[in-house]
Structure formats: structure tokens, C-alpha cells
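Asks: Before we start, here is the structure in question, set down as C-alpha cells.
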Amino acid sequence: GRKTSNRKSGSVYNPNMHTYLKETMLSEMNLRRGLDLNEFQLHYQPQVNCRTGEVIGFEALLRWQHPERGLIFPSDFIELAESTGLITPIGEWVIREAVKQISEWNKMGIENVTVSINLSPRHFLHHNLPFFLEQCIQEARIKPQRLVLEITENVAMEEQSAVTSRIKLLKEMGYSVSIDDFGKGYSAFIYLKHFPINEIKIDREFISELGSNMQSIGIVQTIIHLAEMLGLRTIGEGVETKEQWDILKQLGCSQLQGYYFSKPIEVNQINELFHKYGRGGKLLLPSASKVL
Ligand code: C2E
Ligand code: MG
Ligand code: MG
Ligand code: MG
């Protein structure tokens, strides 16, 4: 009766909320449907050579174009994808799509760019990953050297030896392996000690403090020196200002990525940039060329 429902309205759960959750929360079913209906897309963010400003590659970033909710960013669905295991089929979609795009760009005369993709820890250790990659690049006739595989520190430290042998295998196959968000977690240096990676992406947090915080300059300088000694490339993530670029150039960082150069954008916008500013497959973005 009425009394019970009055009392219940003060509690955490009420029947209306149930409908609300059903309608607003992304569910495993939504995700699977999104994948089946091809609602995912990749946006590409340019990565530039730190010395010259020239575009040398792109990071592929996943977006979900939902029919009712519009564009959904990875922060709103990657965790769900990971916990349900859908991250592996989604990751396979990402690989297939990125490889096709590299092949498209090759056909357009854009031949030396790399594409970085983000792999979840679970997918990175999946037994089928090396076979899947091989199959995709053979079908698209591209070289493994064009692909960079990014993993984060979330790759379980308990599975150190599995991760190490997986990295070794993928490197032998010709792929590059990169540690994303380097310095954000606690195990950064253990990574360098154990994992034979090719590249370090310096976490955005350090980059954002470069102009104002001496400690951050020191930390970034140390990471870059260490990387140099180990023969690894460095990418500064989240570069938003010319000042940050200048400091990273002085510190000897290899590559940069960030809103200063470009946000992640759709393929046709990337192609437009090549059309407008490209010369013989090379590309200097307006924000990079005006300061050189
Ligand atoms: P991430 O791999 O570290 O990617 C960089 C994130 O920083 C992207 O956010 C990018 O849009 C953002 N970013 C780039 N430059 C700037 C900048 O100058 N300033 C600021 N404030 N942000 C910048 P996004 O696209 O929302 O992706 C978030 C995270 O989601 C990624 O972080 C990555 O961990 C994950 N992710 C994205 N795509 C995939 C995917 O295909 N698979 C998996 N497993 N994870 C993905
Ligand atoms: Mg990344
Ligand atoms: Mg990152
Ligand atoms: Mg991240």
C-alpha cells in the first residue's frame, strides 16, 4: 500500500530507479549490439617528431557512435568491456580497422606513418593475439613495422613472465611495443627492468606541469635520459603549449602528441590535412609550421 512505498522512497532502491538504471547504464548487451551494428569508430591523433614537428604517425583512439546518446568516449565503456571480456572482440575490431586504414593511407601515397593502438592487458596476453595480428597484416599487405602496440602498467605484474615473453614474441614478429602513461603508476621502473619494450609514453600529468614545476622537469629529464640509455623512444603525451614543446625539445624527447598539434580526429579530417598541408606523403601541421 501507500505507507510502504512512502517509507521506501527514502531508501537507496526504488522501482523507478530500476527503470532508470536499465535505460541509462551501458550494459554488456548494449556493447555487444554496438559492436555487431558497427557503431564503433577510430579517431586518429597525430604524433610528431619533436625536433622537426613533422607527423610521423597516429594513435588510434576508440569512439562509440551511439544512435541515441551520440559519441561515447572510452572512459565510459572500456571498464565494462574489460570486465565482460568483450574487450577482446572489440580490440580485434580495432586492430582490423587500424590495419585497413594503414593500407588505405599506403594507397594514397602516405607510406611511412605508424599507427599506435591501445591493447587491454587481457587482450595483450590472449593466446590468439599474435595469430590475429599476422592474419590482419597479411590480408591488408602491410608491414608489422607500421604498428605500435600500447600497453599500460595495468598489465598484471603477477604475470610478469607471460608479459615478457609476449613482448619478445611480438617484437620478433616486427611490431613495436610501447608503455602508455609511463610514470603514472608505481611500477614504472620495474617495467623498464623486465620488459624489452621499444617506447615510453611519458604520462600527460608530468607534461602538463612542465612550465610551472621544477620537479616535473627533473622527472621528465630523468625518464628521457633513462630511455636513451636503454635505447628506447620517448613520446610526450598531452602537449598543449609551445612552451611544453620547447622544454621537451631541449630535454631530447623523441616524439610528441597532444592538443597543441591536434585533437584526435576522424579519418576524413586527417586526409584533409594531408590534402592541404601534405607534401609527398609528409605532413607538417599548421600549429607546428608557424613556429618553426
Ligand atoms: P591513452 O591511450 O593514454 O590516450 C590518450 C588520451 O589523452 C586520449 O583520450 C586523448 O584524447 C587524450 N589527449 C590527447 N592529447 C591530449 C591533450 O593535449 N590534453 C588532454 N587533456 N588530453 C589529451 P581518450 O581518447 O578519451 O582515451 C582515453 C583512454 O582510453 C586512452 O588513454 C586509452 O587508455 C583508452 N583507450 C582508447 N582507445 C582504446 C582502445 O581502442 N582500446 C583500449 N583497450 N583502450 C583504449
Ligand atoms: Mg594510448
Ligand atoms: Mg596515454
Ligand atoms: Mg590513459
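Asks: Please compute the contact order of the chain in relative form: average sequence separation of alpha-carbon pairs under 8 Å and at least six residues apart, divided by the residue count, as a percent.
Replies: 18
Asks: Counting only residues 5 or more places away or on other chains, whose amide H sits under 5 Å from the amide H of GLU59 once H atoms are built in the peptide plane?
Replies: GLN45, GLN47, SER116
Asks: Among MET108, MET173, MET25, determine the one that fluctuates most according to a GNM of the chain built with springs between C-alpha atoms less than 10 Å apart.
Replies: Evaluated over the chain, the most mobile residue of the options is MET25.
Asks: Taking the Cα centre of each part, how many Å lie between region 83-101 and region 132-172?
Replies: First find each Cα centre; the distance between them is then 13 Å.
Asks: Next question. How many angstrom lie between the Cα centre of region 39-66 and the Cα centre of region 196-238?
Replies: 20
Asks: Hey, what angle do you get for helix 129-140 against the long axis of the chain, alpha-carbon based, 0 to 90 degrees rounded to 10?
Replies: 70
Asks: Counting other beta carbons within 10 Å of each residue's own, what order do TRP245, TRP93 fall into, fewest first?
Replies: Sorted ascending by nearby Cβ count, the order is TRP93, TRP245.
Asks: Moving on. Could you identify which residue out of ILE197, ILE247, ILE207 has the top mean-square fluctuation in a GNM of the chain using Cα springs shorter than 10 Å?
Replies: ILE247
Asks: If you place +1 on the Cβ of every Lys and Arg, -1 on the Cβ of every Asp and Glu, and leave all else neutral, what size is the dipole of region 139-242 about its Cα centre, to the nearest 20 Debye?
Replies: 460
Asks: Sticking with this one: Please work out how much length the chain gains when fully extended from GLN215 to ASN154, using 0.36 nm per residue of separation minus the C-alpha to C-alpha distance, in nm with one decimal.
Replies: In short, 19.5 nm is gained.
Asks: Answer with one residue from SER289, PHE261, HIS275: the one whose Cα lies farthest towards the positive end of the charge dipole of region 215-292, charges on Cβ with Lys, Arg +1 and Asp, Glu -1.
Replies: Of the listed residues, the answer is HIS275.
Asks: Please give the residues of region 159-181, grouped as numeric ranges, whose backbone N is less than 20 Å from a label point set 7 Å along the Cα-to-Cβ vector of SER287.
Replies: Only 181 pass the distance filter.
Asks: Helix 160-172 versus the longest principal axis of the chain: what is the Cα-based angle in degrees, 0 to 90, to the nearest 10?
Replies: Relative to the chain, helix 160-172 is tipped by roughly 50 degrees.
Asks: Further question: Can you give the calculated 222 nm mean residue ellipticity of the chain, where each DSSP H run of n ≥ 4 adds -39,500 (n - 2.57) and the sum is split over every residue, rounded to the nearest 500 deg cm²/dmol?
Replies: Dividing the helical sum by the residues of the chain leaves -14000 deg cm²/dmol.
Asks: Test of the criteria: in region 174-267, which GluC sites (Glu not before Pro) are in a DSSP loop and have at most 16 other Cβ atoms within 10 angstrom of their Cβ?
Replies: Counting only loop positions with at most 16 other Cβ atoms within 10 Å, the GluC sites (Glu not before Pro) in region 174-267 are GLU209, GLU240, GLU266.
Asks: Relative contact order for region 158-292: what is it in percent, counting Cα pairs under 8 Å that are at least 6 residues apart?
Replies: Worked out over region 158-292, it gives 17 percent.
Asks: Separate question: Which value, in debye to the nearest 20, gives the size of the charge dipole of the chain about its Cα centre, when Lys and Arg are +1 and Asp and Glu are -1 at the Cβ?
Replies: 440
Asks: To continue, here is another question. What's the extension gain from SER161 to MET108 if we count 0.36 nm per residue and subtract their Cα-Cα distance?
Replies: Contour length minus the Cα-Cα distance gives 15.0 nm.
Asks: So, with +1 on the Cβ of K and R and -1 on the Cβ of D and E, and no other charges, what is the size of the charge dipole of region 176-292 about its Cα centre, to the nearest 20 debye?
Replies: Using only the charged Cβ atoms, the result is roughly 380 debye.
Asks: Write out the GluC sites (Glu not before Pro) in region 103-162 meeting two conditions: DSSP loop, and at most 15 other Cβ atoms within 10 Å of their Cβ.
Replies: Qualifying residues, ordered by number: GLU111.
Asks: Now, a different point. Looking at the chain, send over the antiparallel percent of its DSSP beta bridges, to the nearest 5.
Replies: 50
Asks: Another question, if that's okay. Using only Cα atoms, find the angle between the long axis of helix 242-251 and the longest principal axis of the chain, and express it within 0 to 90 degrees, rounded to the nearest 10.
Replies: Once rounded, one gets 60 degrees.
Asks: Taking springs between alpha-carbon atoms closer than 10 angstrom, which of SER161, SER208, SER254 fluctuates most in the Gaussian network model of the chain?
Replies: Result for the chain, Cα springs under 10 Å: SER161 fluctuates most.
Taken together, the values in this text are just the output of simple stated rules run on the coordinates, not laboratory data. Keep in mind the model is a prediction, meaning the values are calculated, not measured. Glycine also receives a Cβ, built like all others from the backbone with ideal geometry; neighbour counts cover every protein chain displayed.
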